[in-house]
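Participant: Pasting a structure below so you can have a look.
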Amino acid sequence: MVYRNLKADKIRKRISHYFGLQPIVLESWITSLTLLRNACCHHSRVWNKVSSIMSVSPRRIAHSTNRPTSYTLG
C-alpha cells in the first residue's frame, strides 16, 4: 500500500502514467493484487470467491515509448 500512501499526487501520477494508466486504476489494481497475495500467503481459498473490492477498468491504456518492452529475470 506504499503507492496509496505517497503524499505527493504528482509522484503517483508519474508512476501511473509510466504504466499508461490513470492513478485511480493503478491503485485499484495494486489493492486487488495485494489482497490476492495475502490470501495465497495465508492459505485462503482464492477460487469461487467474490472479492469485496472490485478493480477499476481503464478507459484506455496509453502506450509509452520510454519503458522496456520485455523483462528478464536475472
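Participant: Provide the net charge surrounding Ala39, with neighbours chosen by a C-beta distance below 10 Å and charges set as Lys +1, Arg +1, Asp -1, Glu -1.
Facilitator: Once all neighbours under 10 Å are counted, the net charge is +3.
Participant: When the chain is fully extended, how far beyond the present Cα-Cα distance does Ala8 get from Ile30, taking 0.36 nm per residue of separation?
Facilitator: Net length gain for the segment: 6.1 nm.
Participant: Give me the net charge of Tyr3's neighbourhood, meaning all other residues with Cβ under 9 Å from the Cβ of Tyr3; Lys, Arg count +1, Asp, Glu -1.
Facilitator: Result for the neighbourhood of Tyr3: +1.
Participant: HN-Hα J couplings of the range 19-25 from phi, Karplus 6.51/-1.76/1.60, θ = phi - 60°, integer Hz, Gly and Pro as x?
Facilitator: 8, x, 10, 7, x, 5, 5
Participant: With a Förster radius of 35 Å, plug the Cβ-Cβ distance of His17 and Ser52 into 1/(1 + (r/R0)^6) and report the FRET value to the nearest 0.05.
Facilitator: The formula returns an efficiency of 0.80 here.
Every number here is computed from the coordinates shown, using simple stated rules; none is lab data. None of these values were measured; they are calculated from a predicted model. FYI the Cβ positions are ideal-geometry reconstructions off the backbone, even for glycines, and counts take in every protein chain you see.
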